[in-house]
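A.B. asks: Would you mind keeping the following structure in view while I ask a few things?
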């Protein structure tokens, strides 16, 4: 009787089953390897990257109200910000903070109005710092 060996992905810290046997990689790592260098990471891909590297937002506290976070929110502070039809985003996972849905919506609305939330280090040129949006809540 022949037994098949179940191998795991050869990437360090990956425990997924290797599905691309010639390279010993799981499907996500295979896609990463074969993605063209000039193919940009889109809005949803950037958010999936944040989830993959930081885990689910629900395991964190909202940085605004202290409640249970439900979403990763882009802080609008990346100098290399990318704009898309879905909204601005960053490829740098350090520019994402855990927030509950209502704080995230308020945060993004303030940013859409050109008011730069005060949790970020400095407002980009042309955006005003807001005293209204401080950590811990909203007016």
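A.B. asks: Quick one: how many residues across region 83-99 are over 16 Å from residue 40 (Cα atoms) and either in a loop (DSSP other than H, G, I, E, B) or more than 10 Å from the chain's Cα centre (by Cα) (or both)?
C.D. replies: Our first condition is that a residue be over 16 Å from residue 40 (Cα atoms); within region 83-99, this holds for 94-99.
From what's left, either in a loop (DSSP other than H, G, I, E, B) or more than 10 Å from the chain's Cα centre (by Cα) (or both): 99.
Summing the residues that are over 16 Å from residue 40 (Cα atoms) and either in a loop (DSSP other than H, G, I, E, B) or more than 10 Å from the chain's Cα centre (by Cα) (or both) in region 83-99 gives 1.
A.B. asks: How about region 53-80: which of its residues are over 13 Å from the mean Cα position of the chain (by Cα), free of Cβ contacts under 8 Å to residues at least 24 places away in the same chain and over 23 Å from residue 28 (Cβ atoms)?
C.D. replies: The answer is 80, and nothing else.
A.B. asks: If I ask for residues that are part of a strand (DSSP E or B), out of contact with any strand residue (DSSP E or B) (no Cβ under 9 Å at 6 or more places or on another chain) and modelled with pLDDT of 70 or more, which ones from region 1-46 would you list?
C.D. replies: Of the residues in region 1-46, the ones part of a strand (DSSP E or B) are 8, 17, 20, 25.
Imposing the further condition that a residue be out of contact with any strand residue (DSSP E or B) (no Cβ under 9 Å at 6 or more places or on another chain) reduces the set to 20, 25.
Matches in region 1-46: 25 only.
A.B. asks: Turning to a different aspect of this structure: Here is a check on your reading of the model: is residue 53 exposed (fewer than 13 other Cβ atoms within 10 Å of the Cβ), out of contact with any strand residue (DSSP E or B) (no Cβ under 8 Å at 6 or more places or on another chain), at pLDDT below 90 and in a loop (DSSP other than H, G, I, E, B)? It would help to see each step written out before you state the result.
C.D. replies: Details: exposed (fewer than 13 other Cβ atoms within 10 Å of the Cβ): yes; out of contact with any strand residue (DSSP E or B) (no Cβ under 8 Å at 6 or more places or on another chain): yes; at pLDDT below 90: yes; in a loop (DSSP other than H, G, I, E, B): no.
Spelling it out, it is not the case that residue 53 is exposed (fewer than 13 other Cβ atoms within 10 Å of the Cβ), out of contact with any strand residue (DSSP E or B) (no Cβ under 8 Å at 6 or more places or on another chain), at pLDDT below 90 and in a loop (DSSP other than H, G, I, E, B).
A.B. asks: Specify which of the listed residues (77, 110) is surrounded by 15 or more Cβ atoms within 10 Å (Cβ to Cβ), at pLDDT 85 or above and either touching a helix residue (DSSP H, G or I) at 6+ places or on another chain (Cβ under 8 Å) or part of a helix (DSSP H, G or I) (or both).
C.D. replies: Details: 110 fails: at pLDDT 85 or above.
Every option except 77 fails the conditions.
A.B. asks: How about region 86-96: which of its residues are out of contact with any helix residue (DSSP H, G or I) (no Cβ under 6 Å at 6 or more places or on another chain), farther than 14 Å from residue 48 by Cα and in contact (Cβ under 8 Å) with a residue 24 or more places away in the chain?
C.D. replies: 87
The values are calculated or read from the model by the stated rules, or taken from the named source; none is laboratory data. Source: prediction; values computed, not measured. Neighbour counts run over all protein chains shown; Cβ positions are idealised from the backbone, glycine included.
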